[in-house]
1. About its Cα centre, what dipole magnitude does the chain give when the only charges are +1 on Lys and Arg Cβ and -1 on Asp and Glu Cβ, stated in debye to the nearest 20?
2. Between (1) 7.4; (2) 22.9; (3) 8.0, which matches mean projected area of the Cα convex hull in nm² calculated for the structure shown?
3. Calculate how steeply helix 3-128 sits against the longest principal axis of the alpha-carbon atoms of the chain, using the helix alpha-carbon long axis, and give the answer as 0 to 90 degrees to the nearest 10.
4. Grab the DSSP H runs of the chain that are 4 residues or longer, score each as -39,500 (n - 2.57), total them, divide by all residues and round the 222 nm result to the nearest 500 deg cm²/dmol.
5. Rounded to the nearest 10 Å², what accessible area does Met79 show when all protein chains are kept and the probe is 1.4 Å?
6. Show Arg87, Arg30 ordered by accessible area, largest first, where the area counts protein heavy atoms only and the probe is 1.4 Å.
7. Applying 1/(1 + (r/R0)^6) with R0 = 30 Å to the Cβ-Cβ distance of Ile125 and Ala102, what FRET efficiency is obtained, to the nearest 0.05?
8. What distance in nm separates the two pseudo spin-label positions at Glu77 and Val64, each 7 Å out from Cα along the beta-carbon direction?
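The values are calculated or read from the model by the stated rules, or taken from the named source; none is laboratory data. Everything quoted here is computed from the prediction, not taken from an experiment. Cβ placement follows ideal geometry from the backbone for every residue including glycine, while neighbour counts extend to all protein chains displayed. In case anyone asks, the SASA skips ligands and DNA or RNA and just uses the protein heavy atoms, side chains included. Shrake-Rupley method; radii C 1.70, N 1.55, O 1.52, S 1.80 Å.
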Amino acid sequence: MSIGALAVLIMACALVVLVAFLIPTLLEIRRTAAEFRSVMAQVGQELKPLTQELQQTLAELKVVTEGVAERVDDVKEFMEAVGDTGRNIRTINAVIGSVAHAAAASSAWSTGARVAGKYLMERLIKKRG
């Protein structure tokens, strides 16, 4: 046997061994692909209701968000009204303080005038009497 024939024989044996190992590997890859297809179909079926629920939840969230946005305007108006009320109360308080001060001052003047009048009357009565 020549070296060329021996090389061909070794290559043939190597090819048979390679095919012997390659066939189970290819069969396992085929089974794995079939299992993968089955799992993906199941995942797809389970994801459909989940995506529908998610879309429904997002729609409800959008409605709630719009409602909150409308209420934010109401809260802003309320806070402006509260601020106006506070300013009005401060103004009323200042006016009442001024009136009270004026009343106290006029009360002091009237008391002083009464005392002065009594004093003058007593002096007049003592001079005449």
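1. Working: 15 positive and 13 negative charges, 380 e Å.
With Lys and Arg at +1 and Asp and Glu at -1, about 1820 debye.
2. Answer label, from the structure shown: (2).
3. With both axes taken from Cα atoms, the answer is about 0 degrees.
4. Values: 1 runs with 126 residues, N = 129.
Value at 222 nm, helices only: -38000 deg cm²/dmol.
5. Rounded to the nearest 10, that gives 110 Å².
6. Numbers: Arg87 120, Arg30 175 Å².
From most accessible down to least: Arg30, Arg87.
7. Values: r = 34 Å, r/R0 = 1.14.
It comes out at approximately 0.30.
8. 2.5 nm
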